[in-house]
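Written below as structure tokens is the structure these notes are about.
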Amino acid sequence: MTGPRQPSGAPYTALRLTTAPGTPTEEWCAVCKAYSRLAGALLLLAPGGVSTIGTYSWCDICEDPADQRGRDHG
Ligand SMILES: [Zn+2]
């Protein structure tokens, strides 16, 4: 069984990239006045190894759309 080959004759290698969230850490949210914000690193799992491609942060309270309705002012 022979697979497709590049013009150079080298066989194609399947490139499988997977992103995965790193272990999140709790951070202080100045809006909620609580440690409700999760922050972590975005990891790229590639055949050559694992590399960090960015970071993310997300607040469980003030970035929840369902929590925006009916919020009192003040
Ligand atoms: Zn918040």
**Report entry** Solvent exposure ordering (accessible area, 1.4 Å, most first) of GLU63, GLU26
**Finding:** GLU26, GLU63
Query raised in the report: Separation between the ALA30 and ASP64 pseudo-spin-labels, each 7 Å from Cα along Cα→Cβ, expressed in nm?
Result: 2.3
Query raised in the report: In sequence order, what are the phi-derived ³J(HN,Hα) couplings for segment 51-58 according to the Karplus relation 6.51 cos²θ - 1.76 cosθ + 1.60 with θ = phi - 60°, rounded to whole Hz, with x for glycine and proline?
Result: 9, 8, 9, x, 10, 9, 9, 8
Requested in this report: Enumerate the amide H contacts of CYS29 below 5 Å, restricted to partners 5 or more residues apart or on another chain; note that Pro and chain-start residues carry no placed amide H.
Outcome: ALA34, TYR35, SER36, ARG37
Query - Per residue value of the accessible surface for segment 18-64 (all protein chains in place, 1.4 Å probe), Å² - result: 65
Requested in this report: For TYR56, TYR35, write out the residues from largest to smallest accessible area, computed with a 1.4 angstrom probe and no ligands counted.
Outcome: TYR35, TYR56
Query raised in the report: Can you pull the percent of segment 18-64's accessible area that's carbon plus sulfur, 1.4 Å probe, other chains left in place?
Result: 59
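The values are calculated or read from the model by the stated rules, or taken from the named source; none is laboratory data. The shown structure was predicted, so the numbers you read here are calculated from the model rather than taken from an experiment. Ideal geometry is used to build each Cβ from the backbone, glycine not excepted, and the neighbour counts take in all protein chains shown. Accessible surface areas use protein heavy atoms only, side chains included; no ligands, DNA or RNA. Shrake-Rupley method; radii C 1.70, N 1.55, O 1.52, S 1.80 Å.
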